[in-house]
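Report on the structure given below.
The values are calculated or read from the model by the stated rules, or taken from the named source; none is laboratory data. What you see is a predicted model; the values in this text were computed from it and never measured. In this analysis, Cβ positions are derived from the backbone assuming ideal geometry, glycine residues included, and neighbour counts consider all displayed protein chains. Side chains included, ligands, DNA and RNA excluded: accessible areas come from the protein's heavy atoms. Shrake-Rupley method; radii C 1.70, N 1.55, O 1.52, S 1.80 Å.
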Amino acid sequence: MVAKKPAARRGLSEYKRKRDFARTPEPAPRPARSATRRSFVVQKHRATALHYDFRLEIGDAMPSWAVPKGPSLDPSQKRLAMQVEDHPLEYAGFEGVIPEGEYGGGTVMIWDEGTYEMLDDVDPAVALRKGEIRFTLDGHKLKGRWTLVRTGPRRWLLIKGRDTYARTTDITVSRPRSVRTKRLLAEIARDEGGNVEKAATGDPAPRRVVASAKP
Ligand code: MN
């Protein structure tokens, strides 16, 4: 007798194989859930000011932090992360334009996404309450060990751990595009009827081609 295998997840491999999620508006399947592996997303958001919304799946919601400078791969660069309201899990799939005048009006990009695992086998909800969350990220841009530590009411720091994924290059500059659609903020705004000029201020300045002036 053959043991019954859960077919639901296995069944998505064909769905994924047939589609290029950078080209089709159809939803990409979310990474499989398990007791230890949960989803995270970083949404680059050009609202009143540019920031990166860092969200971790904990329980049935995504506790969220607004990181004005974005994550840094340099362990010596502790990035301010202001805790904001929890978001629904479905929000992790949102890339597009929030109408001007609405809360958070502006352009949103899925800048990175993937899964995370807690270090030390700790319950993330407990770590969140205690104000120190230690985890490893398995994203497209962000990998390895990270810590979120609370330093005041709603005020946290996001810090890269010292491991083989640490870098001194600024990943917000070197990898500015959506991991889902490869678009810049201005391209998302253009495609979705947003304010292109405002969105473009969140994209890296176009590189000027300068003739090398070696003596
Ligand atoms: Mn935001």
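Key figures for this structure:
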quantity: Candidates Val67, Val126, Val41, ranked by Gaussian network fluctuation over the chain, Cα under 10 Å, top entry; calculated: Val126
quantity: Estimated [θ] at 222 nm from DSSP helical runs (n ≥ 4, -39500 (n - 2.57)) normalised by residues in the chain, nearest 500; calculated: -3000 deg cm²/dmol
quantity: Summed residue charge, Cβ within 10 Å of Leu158's Cβ, Lys/Arg positive, Asp/Glu negative; calculated: +4
quantity: Flagged links, alpha-carbon separation over 29 Å, of Lys78/Lys130; Lys16/Lys69; Lys18/Lys182; Lys16/Lys160; Lys78/Lys198; Lys160/Lys182; calculated: Lys16/Lys69; Lys16/Lys160
quantity: 10 Å Cβ shell holding at most 12 others, DSSP loop, GluC sites (Glu not before Pro): longest site-free stretch of the chain; calculated: 103-215
quantity: Choice from Thr181, Thr107, Thr36 with maximal GNM fluctuation in the chain (Cα, 10 Å cutoff); calculated: Thr36
quantity: Rounded percent of accessible protein surface that carbon and sulfur make up, the stretch 43-200, 1.4 Å probe; calculated: 50 percent
quantity: Relative contact order [Cα under 8 Å, 6+ residues apart], the chain, whole percent; calculated: 19 percent
quantity: Surface per residue (accessible, 1.4 Å probe) for the stretch 40-167, Å²; calculated: 45 Å²
quantity: 3J(HN,Hα) from dihedral phi, the stretch 108-120, Karplus parametrisation 6.51/-1.76/1.60, rounded to Hz, x for glycine, proline; calculated: 10, 10, 7, 7, 7, 7, x, 10, 9, 10, 6, 7, 6
quantity: The stretch 43-200, dipole about Cα centre (Lys/Arg Cβ +1, Asp/Glu Cβ -1), debye to the nearest 20; calculated: 800 debye
